[in-house]
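The values are calculated or read from the model by the stated rules, or taken from the named source; none is laboratory data. Model, not experiment: these values are computed from the prediction. Every residue, glycine as well, gets a Cβ built from its backbone with ideal geometry; the counts of neighbours run over all protein chains shown. Ligands, DNA and RNA are stripped out before the accessible areas are found, and what is left, the full protein with its side chains, is counted by its heavy atoms. Shrake-Rupley method; radii C 1.70, N 1.55, O 1.52, S 1.80 Å.
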Amino acid sequence: HILIGYSEGGIFMTRDGGTNWQPVFDKQLRLSIGDIVFDPNNSSIVYAGTGDPNISGYPFIGNGIYKSTDGGSNWSYIGLEETRVISQIRVSSQDANVIYVGAMGLPFEKNRDRGLFKSTNGGQSWQQILFVNDSTGIADLVIHPQNHNIVYATAWNRIRNNYKSLVSGPDAHIYKSVDGGETWNKLAGGIPEDEKGRIGIAVSPVNTDYVYIIIEGNEKSKGLYRSTDKGANWEKRGTFSTA
């Protein structure tokens, strides 16, 4: 059972391992898909966030988040319309009602509908729990596999319109909360302070003390970093080429 989302093509589903596919999202207003997540507690429940988080030269926007209770065959709208670009969705494995959503906001202009949002009732209502500023959204997001109150989120300065393409900035940082988003700490030890672009993040499922980030930036900052103490300190482990 697999679902695939496209930057501007909706969602296709297979229930036979990829032999046959059918479109299952074509009735919706926006067909740009940013993320699709199965509820780890119930594979019949699926969430789909709209809007293309790559925010390319021709950005595709969405109109919020959708939920399916039948494995993706049918969808209902559950909010966050003004976020326009949803980058990541994470559902708690301890409590299916707890959902975190990272959003980049409308890419054409500065706005407050960016950041990290949380629901504690399965998507019936949402609260913005992290807002950096009106030109910075959340590009990546991960929750601790055993404790959904521990959350890591990466911020990205991004504006894209006919006059401006902001792809990096001083607000591209990694944020961590240990209380479900009530308070946040900016992680820094060993990470260059100069302007950075998009940041990806992952927590090891084997040893959750190990956290990895990959940074797009200048020659000094770009590369792969590892923390062995839950994000307190970082060591650069390698570089990569964007050519």
Point to revise | Pairwise FRET efficiency - V167 versus R15, Cβ, R0 = 30 Å, nearest 0.05 | key: 0.15
Point to revise | Calculated P(r) of the chain - Cα pairs past 28 Å, % | key: 31 percent
Practice item. Could you tell me the distance between the Cα centroids of segment 54-91 and segment 133-190, to the nearest Å? Key: 19 Å
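For segment 35-83, report the translational diffusion coefficient in µm²/s to the nearest whole number, using Stokes-Einstein at 25 °C, 0.890 mPa s, and a Kirkwood Rh over Cα pairs.
On the way: Rh = 11.5 Å.
It diffuses with D of about 214 µm²/s by this estimate.
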Revision key, fill the gap. If the label point sits 7 Å along Cα→Cβ of Q22, residues of segment 47-75 with amide N under 18 Å come out as 68-75
Practice item. With all protein chains present, calculate the accessible area of T228 using a 1.4 Å probe and round the result to the nearest 10 Å². Key: 70 Å²
Review point. Within segment 17-39, what residues put their amide N at less than 20 Å from the label point 7 Å along the Cα-to-Cβ vector of A96?
Key: 36-39
Check your understanding: Cα-based Rg of segment 1-127 per 2.2 N^0.38 Å, rounded to two decimals?
Key -> 1.00
Exercise for review: At 37 °C and 0.692 mPa s, grab the translational diffusion coefficient of segment 189-243 from Stokes-Einstein with a Kirkwood Rh over Cα pairs, rounded to a whole number in µm² per second.
Suggested key: 288 µm²/s
Check your understanding: In sequence order, what are the phi-derived ³J(HN,Hα) couplings for segment 173-184 according to the Karplus relation 6.51 cos²θ - 1.76 cosθ + 1.60 with θ = phi - 60°, rounded to whole Hz, with x for glycine and proline?
Key -> 10, 9, 10, 9, 10, 10, 10, x, x, 5, 9, 9
Practice item. For F108, list long-range residues whose amide hydrogen, built 1.01 Å from N in the peptide plane, is under 5 Å from its own amide hydrogen. Key: R160
Check your understanding: So, how do all the Cα-to-Cα distances of segment 101-204 break down into 10 Å bins, in percent, from 0 on up?
Key -> 16, 46, 30, 8, 0
Exercise for review: State which entries of K176/K230; K110/K230; K67/K230; K196/K220; K67/K186 exceed 21 angstrom in Cα-Cα distance in the structure shown.
Suggested key: K110/K230; K67/K230; K67/K186
Review point. How are the Cα pair distances of segment 12-63 distributed, in percent, across 10 Å bins from 0?
Key: 22, 43, 31, 5
